[in-house]
Amino acid sequence: MKAAIYLLSHEELNLWSDVDCILAVKEFSRRGTLTWDEAVSLAAAARSKGCRTAFEWDALMEEPRFRDLTSKLKDFPKVFDAIRVRDAGAIWWAREYLSCDIHLLLEAGHHNQLAIESWKQRLGDRLKRVALSPELPLSVIRNWRIELGVPLEVMALGPLLLFHSPRPLLSSLASAGAGVEWIAEGASEESPHKGFPLQENAHGTLMFHPKDLCVLERWTEMEAAGVDFARIDHRLSQVATLVANFIKAPGDETREALKQAWNREWMRGYWDVNKSDVLFSKLKNPHLGHDERLCAEVLEGKRESWLAVRVRGAGLHRDSVVNVINPKGEVRSLRLSWLKDDAFNAVESLGQGQVGFIPWSSGAPSRSKLHSV
């Protein structure tokens, strides 16, 4: 199994040997930091050391920009052994106008074997590698490597991208000069999750998982499963030397040294099982469903004071009795001794669609249901 790394500078070249060097140019890569000339120079130097080089083109582009930049790529430098492409139009253009190897970046989709086989049929011998989704468990990767017959790449360590929009979602909140890159941190309004790194640049807005994905402790298993390339993205951490040490001697000691110097926490992701399956049981929770007796849903509460609710069904009336059913299925009876509207004014009833307040009840978190008795 070979390692694939992002080459950032000539100073790092002495660290790498027998690795794949990825060159990410600002114009073509969503998180690229290199200029065109820097990438060409670095690629030439890397090839002179015996490393393989790949030009990364993973940015989404509207038609005018696509036409402008592809005209630049028609004189594709020979110092790049391959081009890494994600967008379907970019893949097709690379097949028609370039002669280098093609690496498909299928990490944002293609969760079934048939989808990858369709690309294999279209690209033929030009297809030299497929980068797989980090959500695929090891058992699936092992089977695909045998049946597809295409070299596979997985991310072994790096930021886990959750969301990408071509729109500038951060700078729109404040005035900023053109070309300014924004870095921020996001939080969910629907859950307690927070600390999502946000980045905005010329390619739009990116949101990452609060923890970086790491499966370095499974290095031997990855090799045994047939993984051909393990990608390490160290661009946000100044740890190139420690990454190189691990690649040369993968083990507990070099991995722990790398972990201690990494500036973010790690997570194992979905390597053993796609944990998103766990959510389906929660989505199908019968206690969160709707029926003809549903009259309101709890939005939030203040202990010993009130519950904020959104009214459903026939509505709520003062002095009536309801059953409060929380997501665990626990039931409590509650008498509505008072009702207040969204301005906290006392009212006799709340109609469908209204938001209001009722007396507090223990064990009634958000998403609890109020049912008529």
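Computed from the coordinates by the stated procedures, all read-outs in this text should not be read as laboratory data. On a predicted model such as this, the values are computed, not experimentally measured, just so you know. All Cβ positions, glycine included, derive from the backbone under ideal geometry; neighbour counts span all protein chains shown.
Here are the numbers:
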{"item": "Size of electric dipole in the chain: Cβ of Lys, Arg +1 and of Asp, Glu -1, about Cα centre, debye, nearest 20", "result": "520 debye"}
{"item": "Share of pairwise Cα separations in region 190-249, more than 19 Å, in percent", "result": "51 percent"}
{"item": "Potential lengthening between L198 and S99 on full extension [0.36 nm per residue; Cα-Cα distance subtracted]", "result": "32.0 nm"}
{"item": "Dipole of the chain, positive end: most advanced residue of V19, L299, F80 [Cβ charges, Cα centre]", "result": "L299"}
{"item": "³J(HN,Hα), Karplus 6.51/-1.76/1.60, whole Hz, each residue of region 243-258, x for Gly, Pro", "result": "5, 4, 4, 5, 4, 6, 9, x, x, 4, 5, 5, 5, 5, 4, 5"}
{"item": "Reachable lysines, given that their alpha-carbon falls under 26 Å from the alpha-carbon of K328 and they are not under 8 places away in the same chain", "result": "K194, K275, K282, K284, K302, K369"}
{"item": "Ranked T220, T241, criterion: other C-beta atoms within 10 Å, fewest first", "result": "T220, T241"}
{"item": "Extension gain from S362 to D125, taking 0.36 nm per residue of separation minus the Cα-Cα distance", "result": "78.9 nm"}
{"item": "Cα shape, region 81-221, gyration tensor, a/c 1.5 rule", "result": "oblate"}
{"item": "Whole-number D in µm² s⁻¹ for region 14-69, Kirkwood Cα-pair radius fed into Stokes-Einstein, 25 °C, 0.890 mPa s", "result": "204 µm²/s"}
{"item": "Dipole axis of the chain (+1 Lys, Arg; -1 Asp, Glu on Cβ), positive-most option in H110, V331, T220", "result": "V331"}
{"item": "Calculated SAXS-style log₁₀ I(q)/I(0) at q = 0.17, 0.19 Å⁻¹ - region 287-372, Debye, Cα scatterers", "result": "-0.56, -0.72"}
{"item": "Within a Gaussian network of the chain (alpha carbon springs, distance under 10 Å), most fluctuating of S17, S362, S48", "result": "S362"}
{"item": "Neighbour-count ranking [beta-carbon atoms within 10 angstrom, fewest first] of H234, H371", "result": "H371, H234"}
{"item": "0 to 90° range, to nearest 10: angle between helix 36-48 axis and the chain longest Cα axis", "result": "60 degrees"}
{"item": "Two-site label geometry, R65 and H10: point separation in nm, points 7 Å out along Cα→Cβ", "result": "3.1 nm"}
{"item": "Positive-end residue, the chain charge dipole about Cα centroid, Cβ charges, pick of W266, A314, Y6", "result": "A314"}
{"item": "Beta bridges per DSSP with both ends in the chain, % antiparallel, nearest 5", "result": "60 percent"}
{"item": "Check: region 287-372 dipole with +1 on Lys, Arg Cβ and -1 on Asp, Glu Cβ, in debye", "result": "200 debye"}
{"item": "HN-Hα J in Hz across region 199-216 - Karplus 6.51, -1.76, 1.60, θ = phi - 60°, x for Gly and Pro", "result": "9, 10, 9, 5, 9, x, 10, 10, 10, 10, 5, x, 10, 7, 7, 8, 10, 4"}
{"item": "Nearest-ten-degree value, helix 138-148 long axis tilted from longest Cα axis of the chain", "result": "50 degrees"}
{"item": "Distance (nanometres) between label positions extended 7 Å along Cα→Cβ at N143 and K211", "result": "2.7 nm"}
{"item": "Prolate/oblate/rounded label for region 35-100 (Cα gyration tensor, a/c 1.5)", "result": "prolate"}
{"item": "Debye log10 I(q)/I(0) for the chain, one point scatterer per Cα, at q = 0.06, 0.08 Å⁻¹", "result": "-0.35, -0.56"}
{"item": "Lysines with Cα under 27 Å of K49, excluding same-chain neighbours fewer than 8 positions away", "result": "K2, K26, K72, K74, K78, K128, K248"}
